[in-house]
Amino acid sequence: MTAPHLPYLSQFSLEGRVALVTGSGRGLGLEIARAMAGSGAHVLLNGRDAARLEPLAEAIAAAGGRASVLAFDVADREAVRDAFARIARDHGRLDVLVQNVGQRNRKPLTDFADEEISDLLNVDLAAGLILAREAARLMLPQGFGRLITVTSISGQIARANDAVYAAAKAGLAGMVRALAAEYGAKGLTSNAIAPGFFATETNAGITGNPALSAYFEGRTPIGRWGRPEEIAGAAVFLASPAASYVNGHVLVVDGGATILM
């Protein structure tokens, strides 16, 4: 029997890759950034507050990884353009984009002002399209790229008082499929991760409420909230050579919540 040329786990290495993870100052984004750095990538940490990101980059470096701070607001078009110009100047390439920024405003649709709808869609949907566009402009000349978008199971299943967020997340899933068709033959793959119920800072108001927390635990066959670090494997997989033939897919990481009747 012929021995494999490389150890199989090397297919999950991100060595030599440059990865931008938006919203990586905390929660799921931070865990994704840590995991990608631990898999060999040079990770660009993003958020609006550089002072918050600096110690996180230092901690990744202390653990043997590589990380830089790239602070900008994903909803600021000029700041986005400047950030990608910096990536091109300082790194000469971008291999992985993980889009992880999102906002939420839970209330009935009839209570939304026009401006509130526009603002939420600007951050949760339009910014995703613009980030993907700017990333593709760097990736296409090199003939390689991984576009990874963090959506939500809210784009697949519904709850009352969440219409704008759910619409944006469903829109991102549509974007992922369209970009998979548009760029697949050019060396870029486009996929999404749809998290379920994770115990992050954003959900602290729910996890801290025993009745609400128990409800969401009961909605999940595994019977508990997801731990933030449990999102990281999906992101590393989609960014890695092991996922080279995965394109246009929404990978659900929800403990089985969306299969439960």
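The values are calculated or read from the model by the stated rules, or taken from the named source; none is laboratory data. Because the structure is a prediction, the values reported are computed rather than measured. With ideal geometry, Cβ positions are generated from the backbone for all residues, glycine too; neighbour counts draw on all protein chains shown. Accessible surface areas use protein heavy atoms only, side chains included; no ligands, DNA or RNA. Shrake-Rupley method; radii C 1.70, N 1.55, O 1.52, S 1.80 Å.
For a quick check of understanding: with a 1.4 angstrom probe and all protein chains in place, what accessible area in square angstrom does residue 175 have, to the nearest ten?
Answer for residue 175: close to 10 Å² accessible.
In percent, how large is the relative contact order of the chain, given Cα pairs closer than 8 Å and 6 or more residues apart?
Numbers: 478 pairs, mean separation 51.6, N = 261.
Value for the chain: 20 percent.
With a 1.4 Å probe and all protein chains left in place, how much of the accessible area of region 13-253 comes from carbon and sulfur atoms, in whole percent?
Carbon and sulfur atoms account for 52 percent of the accessible area of region 13-253.
Using each residue's phi in region 175-182, evaluate 6.51 cos²θ - 1.76 cosθ + 1.60 at θ = phi - 60° and report the 3J(HN,Hα) Karplus result to the nearest Hz, with x for Gly and Pro.
Each residue's phi maps through the Karplus curve to give 4, 4, 5, 5, 5, 4, 5, 6 Hz.
Using the heavy atoms of the protein chains alone and a 1.4 angstrom probe, what is the accessible area of the chain per residue in square angstrom? Spell out each step's value before the answer.
Numbers: 12550 Å² over 261 residues.
Value returned for the chain: 48 Å² of accessible area per residue.
Which order do 13, 118 take when ranked by solvent-accessible area (1.4 Å probe, heavy atoms of all protein chains), largest first? Before the final figure, lay out the partial values.
Numbers: 13 45, 118 70 Å².
Output order, biggest surface exposure first: 118, 13.
Taking amide H positions as placed in the peptide plane 1.01 Å from N, state which residues far from residue 252 in sequence (5 or more) or on other chains have amide H under 5 Å from it.
194
Non-local amide H neighbours of residue 44 (under 5 Å, H modeled in plane, Pro and chain starts lacking H): which ones?
Residues meeting the amide H criterion: 19, 20, 21, 68.
Compute the semi-axes of the equivalent ellipsoid of the chain, taking the square root of 5 times each eigenvalue of the Cα gyration tensor, and list them largest first in whole Å. Before the final figure, lay out each step's value.
Details: eigenvalues 162, 98, 73 Å².
Largest first, the chain gives 28, 22, 19 Å.
Just to make sure I understand: if all protein chains stay in place, what is the order of 124, 73, 90 by accessible area at 1.4 Å, largest first? Please report the intermediate quantities before stating the final value.
Details: 124 5, 73 55, 90 85 Å².
I get 90, 73, 124, largest accessible area first.
For residue 261 and residue 227, calculate 0.36 nm times their separation in residues minus their Cα-Cα distance, and state this gained length in nm to one decimal. Kindly include the intermediate steps, with their values, before the conclusion.
Numbers: separation 34, 0.36 × 34 = 12.24 nm, distance 2.31 nm.
Gain on extension, residue 261 to residue 227, equals 9.9 nm.
Using heavy-atom solvent-accessible surface (probe 1.4 Å) with all chains present, what is the largest-first order of 32, 222?
On the way: 32 0, 222 105 Å².
The most accessible residue leads, giving 222, 32.
Collect residues whose amide H, placed 1.01 Å from N in the peptide plane, falls under 5 Å from the amide H of residue 198; neighbours closer than 5 in sequence don't count.
Amide H neighbours of residue 198: 226.
Just to be sure I understand the model, the point goes 7 Å from the Cα along the line to the Cβ. What's the resulting residue 8 to residue 105 distance in nm?
Taking the simple label geometry, residue 8 and residue 105 are separated by 4.9 nm.
Quote to one decimal, in nm, the extra length available between residue 79 and residue 209 on full extension: 0.36 nm per residue of separation minus the C-alpha distance between them.
On the way: separation 130, 0.36 × 130 = 46.80 nm, distance 3.78 nm.
Extending this stretch completely gives an extra 43.0 nm.
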